[in-house]
Amino acid sequence: MVEAFAVASGKGGTGKTTSTLALGMALATDYDVTVIDADTGMANLLFHAGLDDVDITLHDLLLTDCDLPASAAVYERFGMSVVPCGTSLADFEAADPTLLRDIVADLATDTDVLLLDSPAALGSKSAVLPIVLADRVVIILQPTVPSLSDGLKVQEYARAYGTATGGIIFNRVRPDEDVTTIAEQATRYFNGKTLATVPESDAVRMARRAGKPLLAHAPETTAAGAFRSAAATLDIHDGDAIGVADRFRNAVVPERF
Ligand code: ADP
Ligand code: MG
């Protein structure tokens, strides 16, 4: 079985990478989870997962003359299979984002849940691919109207390619923010449910600094608990692995990019 999720948002810095790893660790108690840093232009998952010193990353696999198998960039960490991406601009420019389809297809045959940490903007081929390829998108939002409106664009785009909304996560919520009103609006406009409201938390920042996912660094915090209940609400679908892999391999990359 396999189900693929894109963890996405309209803007950077909303907590996509934090959320990807937190959901991944929570789901890893019941499922075989693979996490991929598909944000190849602004990769930062490697820092969150203590993988900033590894030799081979997704960038190497995305070079047209690469003959490495996808497994060469897979690292077993925190109970998950983690595929980090490098941060060099030259590597990003040399990479062919369309190769991501084959890599994800290969990885899909050997896991239960694929989480694609996705780029923020929808402006390029590499940015839209994860959303096009995924079964469902999890949208990370701040509890503000502009953020909601950005998230709706992501949902609209996803839907155009047959990607459903898995749910939304409000992240970095400060105590003085009134989430209720905005959450009501969100329920009206988003197809998926609100999976969690995660507070702005020092533990999240400290985890990033320690190079560990939040659920490894501070599992007892409110923020970690919120991500665990989000993962429990996701209700993973039992997709046919071969069918999903074929779909990824044959996915049409939008030509207008
Ligand atoms: P993205 O991948 O969307 O760019 P990150 O997950 O890397 O975002 O988060 C951006 C920064 O914000 C990181 O330094 C991270 O530690 C911090 N951050 C994310 N979520 C929270 C939170 N709930 N509380 C405090 N800091 C957070
Ligand atoms: Mg990120």
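Taking segment 138-154 as the range and being touching a helix residue (DSSP H, G or I) at 6+ places or on another chain (Cβ under 8 Å) and not in a helix (DSSP H, G or I) as the test, the residues that pass are V138, I139, I140, L141, P143, T144. Residue count for segment 142-160 under the criterion of being exposed (fewer than 15 other Cβ atoms within 10 Å of the Cβ) and of a type in the set (S, T, Y): the result is 2. Being within 16 Å of ligand 2 (Cβ to nearest atom) and part of a loop (DSSP other than H, G, I, E, B), is that true of even one residue in segment 214-237? No, because not a single residue in segment 214-237 is within 16 Å of ligand 2 (Cβ to nearest atom) and part of a loop (DSSP other than H, G, I, E, B).
Inspection of segment 22-29 finds a residue satisfying the criterion of being within 11 Å of ligand 1 (Cβ to nearest atom) and within 12 Å of the chain's Cα centre (by Cα). For S124, the conditions (1) among the hydroxyl-bearing types (S, T, Y); (2) at pLDDT 90 or above; (3) more than 16 Å from the chain's Cα centre (by Cα); (4) closer than 19 Å to D150 by Cα are fulfilled apart from (2).
I'd like to check something: does segment 139-155 contain any residue that is of a type in the set (G, A, S) and modelled with pLDDT under 85? Explain how you work it out, then say what you get.
Applying the first criterion (of a type in the set (G, A, S)) to segment 139-155 yields 147, 149, 151.
This time we only want the ones that are modelled with pLDDT under 85, so: none.
Looking through segment 139-155, none of the residues is of a type in the set (G, A, S) and modelled with pLDDT under 85.
Whenever a residue of segment 4-17 is over 24 Å from T111 (Cβ atoms), its partners that are among the β-branched types (V, I, T) and more than 6 Å from ligand 1 (Cβ to nearest atom), lying with C-beta atoms within less than 7 angstrom and at least six residues away or across chains, give the pairs G10/V154; T14/I140.
Being more than 18 Å from the chain's Cα centre (by Cα) and closer than 19 Å to K16 by Cβ narrows it down to one residue among P199, P175; which is it? Just one listed residue meets the conditions, P199. L234: within 28 Å of D112 (Cβ to Cβ) and either over 18 Å from the mean Cα position of the chain (by Cα) or at pLDDT 85 or above (or both), yes or no? The answer is yes for L234.
Of all the numbered requirements in (1) free of Cβ contacts under 8 Å to residues at least 24 places away in the same chain; (2) within 13 Å of ligand 2 (Cβ to nearest atom), T40 misses one, and that requirement is (1).
Could you tell me which residue of segment 185-213 is surrounded by the fewest Cβ atoms within 10 Å (Cβ to Cβ), considering only residues that are farther than 21 Å from V137 by Cβ and away from ligand 2 (no atom under 16 Å from the Cβ)? It would help to see each step written out before you state the result.
Keep residues of segment 185-213 that are farther than 21 Å from V137 by Cβ, which gives 199-212.
Add one more test, that the residue is away from ligand 2 (no atom under 16 Å from the Cβ), and what stays is 199-203, 206, 210.
Details: P199: 18, E200: 15, S201: 20, D202: 10, A203: 17, M206: 14, A210: 14.
Per the criteria, the residue is D202.
With respect to the conditions (1) among the hydroxyl-bearing types (S, T, Y); (2) assigned to a loop (DSSP other than H, G, I, E, B); (3) free of Cβ contacts under 8 Å to residues at least 40 places away in the same chain, T87 falls short on a single one, namely (3).
Could you please find all residues in segment 98-128 being in contact with a helix residue (DSSP H, G or I) (Cβ under 6 Å, 6 or more places away or on another chain), surrounded by fewer than 24 Cβ atoms within 10 Å (Cβ to Cβ), of a type outside the set (S, T, Y) and outside any helix (DSSP H, G or I)? Within segment 98-128, A121, L122 meet the criteria. One residue stands out in segment 1-10 among those that are more than 8 Å from ligand 1 (Cβ to nearest atom) and either of a type outside the set (G, A, S) or farther than 24 Å from G243 by Cα (or both): the one that is surrounded by the fewest Cβ atoms within 10 Å (Cβ to Cβ), namely M1.
Screening V7 with (1) hydrophobic (A, V, I, L, M, F, W, C); (2) touching a helix residue (DSSP H, G or I) at 6+ places or on another chain (Cβ under 6 Å); (3) part of a loop (DSSP other than H, G, I, E, B); (4) within 15 Å of ligand 2 (Cβ to nearest atom) gives one miss only, at (3).
The values are calculated or read from the model by the stated rules, or taken from the named source; none is laboratory data. Everything quoted here is computed from the prediction, not taken from an experiment. Glycine gets a Cβ as well: all are built from the backbone with ideal geometry, and neighbour counts include every protein chain shown.
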